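Enquirer: Handing you a structure now.
The values are calculated or read from the model by the stated rules, or taken from the named source; none is laboratory data. Please read all numbers here as calculations on a predicted model, not as lab measurements. Virtual Cβ from ideal backbone geometry, glycine too; neighbours counted across all protein chains shown.
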Amino acid sequence: MNAFAKTLLTPKNARRLLMTVAVGLLVLFVLYKVVYPIVFDAYVGKSNAPLTYANSQPISEAELEAMATELSLSARRAAAEAIVGQDDNAFARRVKVEMLMNTQSFMREHEPTHIKYFRDASILQYEGPQTCLQCHATIKVRHHDGRTSEVDTLDDIVNSVHFKFQSDGGGGFSTYGYDGRQVNAEGSRPIPVGKINRACGIPGSFSWTGWAALVESRPESTHGEVELRSEGCGQCHIGGNYQPATEKMMPIGDVPDVAKEGIDCLICHSTEYDMNQRYVIRDHVGLRWNQDRTMRAALTVGRATTKNCLNCHQHNMGGDAYLHNEAAQALGKQHRRLLHTGAKRGNPFSPQDDVHAAAGLQCTDCHVPEGHKIPRGRMGVDLVANDLPDVEVSCVTCHSIAPHNRSEHKALLNGHLDRIACETCHIRDLQDNNVVLRDWVHPTWDAEEGIFTPTDVYRSGEVNKGFTFLWFNGNGTFLANALGNNPNGSTEYDPLMRQLARIDDPEIVAAVREKALELKKTYPDIDLDAYVEAATDPLSQLTPEQLDERRRMLDENLRAHMNDGQSRIYPFKLFNAMMYEDMGNQGPFGAMILPFDYATYYETGDTAASVKQAIRDPIVQRMYQEPFKLYMMDEFMAYFGVSGGWKTDYPLVDGKLKNVEPKWMRQMGSLMVNHGIQSVGRDCVECHSPSGILDYRALGYSQERAAELENLDIVENLRPAASLSATDGG
Amino acid sequence: MNPARNRVAASAIGIRLDHPDPTDRDRLASSTGGTRCGRLLLAVWLCVIVLGTPAAHAEAAAADPGRAGEEVEHSEAASDRHGCLRCHAMPTLAYRNPESGEIVDLSIDREGLAHSVHGELACIDCHRRSYRRYPHPDRPAPGDLDCIGCHEDDDQNLSRGWVDIDAEFKRSVHAVSDSPKAVGFSCHSCHDPHRFRPAAVGEPIAQIVRNHNEVCLSCHGKLIAPTNTSHDWLPNRDAHWASVRCVECHTPVADFANHEVLPAEKSEKNCVSCHSANPQLLARLYHFQSEEDIARSGLLAKAVFNEAYVVGMSKSPALDRLSLAIMGLMVLLLAAHGVGRYLVRRANRRG
């Protein structure tokens, strides 16, 4: 042995050894950088190719100057009009605006900053991230704890939720599996968490299978002529590639450079970004989303403003059909984007419907970015990724714990903060088109658009119809149910068996029945009573054994997490959907839902065919194989409340769906609503009366306490004063 | 007597009335008293009871007629508290003072109140009746919330009378200072009547020190900032801060005038006032030590460590134990030496 060591250490042999190690490392590096991506792409059936955009054209210097003048003028005019907006005499206003327009300092201040930079650097074509990175290769980041650091810009954005829509390891919220374990807690096997791998009832699809689609619509107006429409998750995500950042799901590997070149910097950073450029295009590789890469957009870059955020986020707040959704007025020069007429939350952020938007606040005033990482706050139930899970975003950060100053009863109002979230009083209702129950299985023909759309069985923005009130301590379940409990430690408060699992309101039941009757005309197989029961009492779909198991899991696994920390009453938008489920992977809270292929769905209305098409996607097939089972699906199922691990029985056999059934999820999801804040809150008696909007008993208060809260003598004295203060906005 | 005080006194007696109701006892007597002999025995037994507990019996007799009324008052006080606490137990009951912009906290800790000396009172015993209705008056009337007004008759139970305390306070820097910060200084500036509970004999001294000093530091917190040099002259400053109350040095050392807080320049700087054979501290801070505590450790401490000279001496149990061990070793050595000499002498005699 000693002799062997000696021979090894002779200068000649040592050199050889070094060479071998170096070559070995080089081979590994090449394998990782070159071979792994090719093998991975082949495995998941995704492709990458250099991306080109037709609107990324060079302009001449003269064109640049003309554009600069025009953009400066319009920016200046907008600023001047904002300043003199208060003057009610139209003529005086016009004169003042003209004066400002010709004021030297005003001209300097309101010229878009990058006009000068581009002119000096002779940048005459916008070529995507590479143009931005010429100057912004690194950026300085100020962290919430006061630290500053310098980061690689591209790396920062590639690893942000906006690009990869998932969080690393422990990111996300305090989400608990139905098995009682915190998702991605320290010591557990981390799984990717976010929208990337989540077939959701609202979009009806995975981002993998629904990234970009061209749909052949046959609208009434064209008399059978086909119009191509765009649809897919990619419309709201900044990656311009043929698929989401699938590579980022794996513990190793990175998104290919060509895919990074597709990042759309300008949708967030340009004030002149044209949403009409956002539509699906087809090239020799496949379908992907176009974006605005014109010099016009590039010349107006700056910090992300509310307008930029709302290009995408009004979609999930006010909704696509919301009157003041500006992005939804610009659906595309061609292949117009399909509007989703039912709103996901129905709480708009706009000057018309939100007091903060009206005050001119920017989204980033509350969601203070750290580089390209943007905080969502520490509370949330929706299992969607979170870049900065430890950063607080809350009302009290600005408003303090004594926010009411105008009302005569300010102290009493402030007193409620300990138990009642601000949103409970300051969001009075949601938009009317807020979807509560959506049936994906029985679509309805939309003659105007010329497509089959999922049937919204029940929509409402009204209190206790479209949304209700739940105790919430910041924890949520794996299927987006708010966790929390009455601070009295009640065992009566039982949202997963009551508020979220049963609809008793006779008005809603009647509305569902009416819609079911309507559906029955197209789908005669529908059993009316069974349909209404399943939709309004989803627990009725469980066997008695499953119900017992559910009860046991709630008591043993979730009760403790409901009692964690401090709970307050929050409003939650309610939602449930009927989708196709893989019954082989079923538990007492639901089964694995299967995605739809958008084109098949919208064009034919054949929902089963649409599911078959979607699950033929290679990545769904991989999901039903052993490596994915071991890598993440077993863990996924455990959190989902399905015992025995992931069953890899692929639900498509010989072209037929096997063990697949249409089902409502066994309880409603609850989505937090935090925007659409109104200045005037609720009146005392809206809650403190026997017919108030809070069901104190269901919220776990004792009979005596509930009676006391419903019949507060004091409230009668307050009424005139409270409504008085309400009229002046108190 | 003030009605509030009356109730406290009554309830204090009420606690001691913890024996079967007299009517029950009569029933017992009539049912068991079947024979003459039995009656005689019963009479003897009753005599024993009566003689054995003369004080209790007398008090019971005195309090009896008022008991029903007292219970009513008790439940009235409880319901009055319940009414007020419906709002005031909300931990975030507060508003922003429009003049200063500061948040004014109006909340009352339910538990704290229940354990305080005032926990049995009705709120309107101290606050005017008009506070019973909402909205309340803007500010209390002059003379409201006056501690001395309620407590002037309480002297007999206290080491210091309330009148003395009042007089001390009026001499204190808190009362005589011209500083704008001292304007409106009252009992409530330091003592929150909704939490106030005097330190009890037997409470750990360190706890008492912490609680008392917290009151001072709630305004004078700057003094303990790391950059503050005001107490740098004091040897072992931090040890002093942890083991004695601010008032030990900042009130006249000669008497118990805890409320006569002195200006900084007049405060005690003489170490010997405490560190002497006749230390003030023993009489002041250490009177909270219970008899049991003293019996358990104090006797030994006094005899062996001479605690009376330096309070708690080293305050380091390890050092105390070490010196005890050395002393024990010494005794052993002496004994061994004696035995050795005895043995040597005996051996010599034999030889």
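Yes/no matrix, rows are residues, columns are (1) on the phi > 0 side of the Ramachandran plot; (2) at pLDDT below 95:
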{"position": "A:P244", "(1), (2)": "no, yes"}
{"position": "A:G253", "(1), (2)": "yes, yes"}
{"position": "A:V258", "(1), (2)": "no, yes"}
{"position": "A:I263", "(1), (2)": "no, no"}
{"position": "A:I267", "(1), (2)": "no, no"}
{"position": "A:I281", "(1), (2)": "no, no"}
{"position": "A:V285", "(1), (2)": "no, yes"}
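Enquirer: Which residue is nearest to B:G119 (Cα to Cα), if the candidates are limited to the stretch B:42-100 and must be of a type in the set (S, T, N, Q) and modelled with pLDDT under 85? Step through it out loud before you land on a result.
Expert: As a first pass, look at the stretch B:42-100 and keep what is of a type in the set (S, T, N, Q): B:53, B:75, B:79, B:92, B:97, B:100.
Of the ones still in play, those that are also modelled with pLDDT under 85 are B:53, B:75.
Details: B:T53: 30, B:S75: 13 Å.
That would be B:S75.
Enquirer: Give just the number: which of (1) assigned to a helix (DSSP H, G or I); (2) within 18 Å of B:L262 (Cα to Cα) does B:Q207 not satisfy?
Expert: Against the list (1) assigned to a helix (DSSP H, G or I); (2) within 18 Å of B:L262 (Cα to Cα), B:Q207 comes up short only on (2).
Enquirer: Can you go through A:M578, A:M592, A:M583, A:M633 and tell me which one is part of a helix (DSSP H, G or I) and not small (G, A, S)?
Expert: When all the criteria are applied, what remains is A:M633.
Enquirer: Can you tell me which of (1) under 29 Å from A:R616 (Cα atoms); (2) more than 23 Å from the chain's Cα centre (by Cα); (3) part of a loop (DSSP other than H, G, I, E, B) is the one A:I196 doesn't meet?
Expert: (2)
Enquirer: Going through the stretch A:131-155 one residue at a time, which ones are within 17 Å of A:I267 (Cβ to Cβ) and in contact (Cβ under 8 Å) with a residue 24 or more places away in the chain?
Expert: Here is the first cut: in the stretch A:131-155, the ones within 17 Å of A:I267 (Cβ to Cβ) are A:131-133, A:136, A:153-154.
Once the filter is applied, which keeps residues that are within 17 Å of A:I267 (Cβ to Cβ) and in contact (Cβ under 8 Å) with a residue 24 or more places away in the chain, the stretch A:131-155 yields A:T131, A:C132, A:T153, A:L154.
Enquirer: Can you find even one residue in the stretch A:604-612 that is assigned to a loop (DSSP other than H, G, I, E, B) and closer than 30 Å to A:P219 by Cα? Explain how you work it out, then say what you get.
Expert: Here is the first cut: in the stretch A:604-612, the ones assigned to a loop (DSSP other than H, G, I, E, B) are A:605-606.
Then keep just the ones that are closer than 30 Å to A:P219 by Cα; that gives A:605-606.
The answer is yes; a qualifying residue exists.
Enquirer: Out of curiosity, is A:G180 touching a residue at least 40 places away in the same chain (Cβ under 8 Å), at positive phi and part of a loop (DSSP other than H, G, I, E, B)? So that I can check it myself, show each step before the final result.
Expert: Working: touching a residue at least 40 places away in the same chain (Cβ under 8 Å): yes; at positive phi: yes; part of a loop (DSSP other than H, G, I, E, B): yes.
In short, yes.
Enquirer: Could I ask something else about it? Among the numbered conditions (1) within 14 Å of chain B (Cβ to nearest Cβ); (2) assigned to a loop (DSSP other than H, G, I, E, B), tell me where A:L412 comes up short.
Expert: (2) is the only condition that A:L412 fails.
Enquirer: If I filter the stretch A:346-356 for residues that are over 29 Å from A:P595 (Cβ atoms), of a type in the set (A, V, I, L, M) and modelled with pLDDT of 95 or more, do I get at least one hit?
Expert: The answer is yes; a qualifying residue exists.
Enquirer: Hey, another quick one. Take B:I108 and tell me if it is outside the structural domain of B:K181 (by TED's automatic domain parsing), in contact with a helix residue (DSSP H, G or I) (Cβ under 8 Å, 6 or more places away or on another chain) and either part of a helix (DSSP H, G or I) or of a type outside the set (A, V, I, L, M, F, W, C) (or both). If you could, list the steps in order and put the result at the bottom.
Expert: Working: outside the structural domain of B:K181 (by TED's automatic domain parsing): yes; in contact with a helix residue (DSSP H, G or I) (Cβ under 8 Å, 6 or more places away or on another chain): yes; either part of a helix (DSSP H, G or I) or of a type outside the set (A, V, I, L, M, F, W, C) (or both): no.
Criteria not met by B:I108.
Enquirer: Follow-up question, since we're still on this one. Based on what the data block shows, is A:S188 in contact with a strand residue (DSSP E or B) (Cβ under 7 Å, 6 or more places away or on another chain) and either farther than 16 Å from A:M633 by Cα or surrounded by fewer than 17 Cβ atoms within 10 Å (Cβ to Cβ) (or both)?
Expert: Values: in contact with a strand residue (DSSP E or B) (Cβ under 7 Å, 6 or more places away or on another chain): no; either farther than 16 Å from A:M633 by Cα or surrounded by fewer than 17 Cβ atoms within 10 Å (Cβ to Cβ) (or both): yes.
For A:S188, the condition - in contact with a strand residue (DSSP E or B) (Cβ under 7 Å, 6 or more places away or on another chain) and either farther than 16 Å from A:M633 by Cα or surrounded by fewer than 17 Cβ atoms within 10 Å (Cβ to Cβ) (or both) - is not met.
Enquirer: With the condition being in contact (Cβ under 8 Å) with a residue 60 or more places away in the chain and over 18 Å from A:L479 (Cα atoms), I'd like the helices (runs of 4 or more DSSP H) fully within the stretch A:495-556 carrying at least 1 qualifying residues. Steps first, answer last, please.
Expert: Numbers: elements: A:506-522, A:528-536, A:544-553.
Once the helices (runs of 4 or more DSSP H) in the stretch A:495-556 are filtered for at least 1 residues that are in contact (Cβ under 8 Å) with a residue 60 or more places away in the chain and over 18 Å from A:L479 (Cα atoms), what remains is A:506-522, A:528-536.
Enquirer: Determine whether A:I374 is among the hydrophobic types (A, V, I, L, M, F, W, C) and closer than 19 Å to A:C236 by Cα. Can you show your working first?
Expert: Numbers: among the hydrophobic types (A, V, I, L, M, F, W, C): yes; closer than 19 Å to A:C236 by Cα: yes.
Criteria met by A:I374.
Enquirer: Taking the stated definitions as given, is A:S400 without any contact (Cβ under 8 Å) to a residue 12 or more places away in the chain, among the hydroxyl-bearing types (S, T, Y) and within 14 Å of chain B (Cβ to nearest Cβ)? Spell out the reasoning first.
Expert: Values: without any contact (Cβ under 8 Å) to a residue 12 or more places away in the chain: yes; among the hydroxyl-bearing types (S, T, Y): yes; within 14 Å of chain B (Cβ to nearest Cβ): yes.
In short, yes.
Enquirer: Residues A:H335, A:H340, A:H315: which one is modelled with pLDDT of 95 or more and in a loop (DSSP other than H, G, I, E, B)?
Expert: Details: A:H340 fails: modelled with pLDDT of 95 or more; A:H315 fails: modelled with pLDDT of 95 or more.
Just one listed residue meets the conditions, A:H335.
Enquirer: If you don't mind, another one. Just to check your reading of the model, which residue among A:V23, A:V97 is part of a helix (DSSP H, G or I), out of contact with any strand residue (DSSP E or B) (no Cβ under 8 Å at 6 or more places or on another chain) and surrounded by 12 or more Cβ atoms within 10 Å (Cβ to Cβ)?
Expert: The match here is A:V97.
Enquirer: Within the stretch B:201-233, track down each residue that is of a type in the set (S, T, N, Q) and modelled with pLDDT under 85. It would help to see each step written out before you state the result.
Expert: Initial filter on the stretch B:201-233 (of a type in the set (S, T, N, Q)): B:207, B:211, B:213, B:218, B:227-230.
Correct list: empty.
Enquirer: Of the residues that sit in the stretch A:694-718 and are hydrophobic (A, V, I, L, M, F, W, C) and under 22 Å from A:Y493 (Cα atoms), which one is nearest to the other protein chains (Cβ to nearest Cβ)? Show your work before the answer.
Expert: Quick first cut of the stretch A:694-718, residues hydrophobic (A, V, I, L, M, F, W, C) only: A:694, A:698-699, A:706-707, A:709, A:712, A:714-715, A:718.
Narrowing the set further to residues that are under 22 Å from A:Y493 (Cα atoms) leaves A:694, A:698-699, A:706-707, A:709.
Values: A:L694: 16, A:A698: 22, A:L699: 17, A:A706: 14, A:A707: 13, A:L709: 9 Å.
Ranking the qualifying residues of the stretch A:694-718, first place goes to A:L709.
Enquirer: Check A:Q678, A:Q667 and return the single one that is more than 14 Å from chain B (Cβ to nearest Cβ), within 30 Å of A:S407 (Cα to Cα) and part of a loop (DSSP other than H, G, I, E, B). Steps first, answer last, please.
Expert: Details: A:Q667 fails: within 30 Å of A:S407 (Cα to Cα).
Going through A:Q678, A:Q667 in turn, just one is more than 14 Å from chain B (Cβ to nearest Cβ), within 30 Å of A:S407 (Cα to Cα) and part of a loop (DSSP other than H, G, I, E, B): A:Q678.
Enquirer: If I go through the stretch B:84-105 residue by residue, how many of them are assigned to a helix (DSSP H, G or I) and facing chain A (nearest Cβ under 9 Å)? Give the steps one after another, and end with the answer.
Expert: Kept after step one, since they are assigned to a helix (DSSP H, G or I), are these residues of the stretch B:84-105: B:84-88.
In the following step, the residues that additionally are facing chain A (nearest Cβ under 9 Å) were identified as B:86-88.
Looking only at that region, the number is 3.
Enquirer: Just checking, which of A:Y279, A:Y273 is crowded, with 22+ Cβ neighbours inside 10 Å and touching a Leu at 6+ places or on another chain (Cβ under 6 Å)? Give the steps one after another, and end with the answer.
Expert: On the way: A:Y279 fails: touching a Leu at 6+ places or on another chain (Cβ under 6 Å).
Result: A:Y273 is the single residue among A:Y279, A:Y273 that is crowded, with 22+ Cβ neighbours inside 10 Å and touching a Leu at 6+ places or on another chain (Cβ under 6 Å).
A quick yes/no check of all residues on (1) within 14 Å of chain B (Cβ to nearest Cβ); (2) in a helix (DSSP H, G or I); (3) surrounded by 20 or more Cβ atoms within 10 Å (Cβ to Cβ):
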residue	(1), (2), (3)
A:S407	yes, no, yes
A:H416	yes, yes, yes
A:R428	no, no, no
A:V436	no, no, yes
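Enquirer: If a residue has to be away from chain A (no Cβ under 11 Å) and within 27 Å of A:N711 (Cβ to Cβ) to count, how many in the stretch B:106-120 make the cut? Talk me through it step by step, then tell me what you get.
Expert: At the first step, the residues of the stretch B:106-120 found to be away from chain A (no Cβ under 11 Å) are B:108-120.
Applying the additional criterion that residues be within 27 Å of A:N711 (Cβ to Cβ) yields B:108-111, B:113-114.
Number of matching residues: 6.
Quick grid of which residues meet (1) at pLDDT 90 or above; (2) on the phi > 0 side of the Ramachandran plot; (3) crowded, with 16+ Cβ neighbours inside 10 Å; (4) touching an Asp or Glu at 6+ places or on another chain (Cβ under 9 Å):
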| position | (1), (2), (3), (4) |
| --- | --- |
| B:P235 | no, no, no, no |
| B:D238 | no, no, no, no |
| B:V244 | no, no, yes, no |
| B:C249 | no, no, yes, yes |
| B:V261 | yes, no, yes, yes |
| B:C271 | no, no, no, no |
| B:C274 | no, no, yes, yes |
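Enquirer: Continuing with the same structure: I need a count of the residues in the stretch A:320-332 that are part of a loop (DSSP other than H, G, I, E, B) and either on the phi < 0 side of the Ramachandran plot or surrounded by 22 or more Cβ atoms within 10 Å (Cβ to Cβ) (or both).
Expert: So the count comes out to 9.
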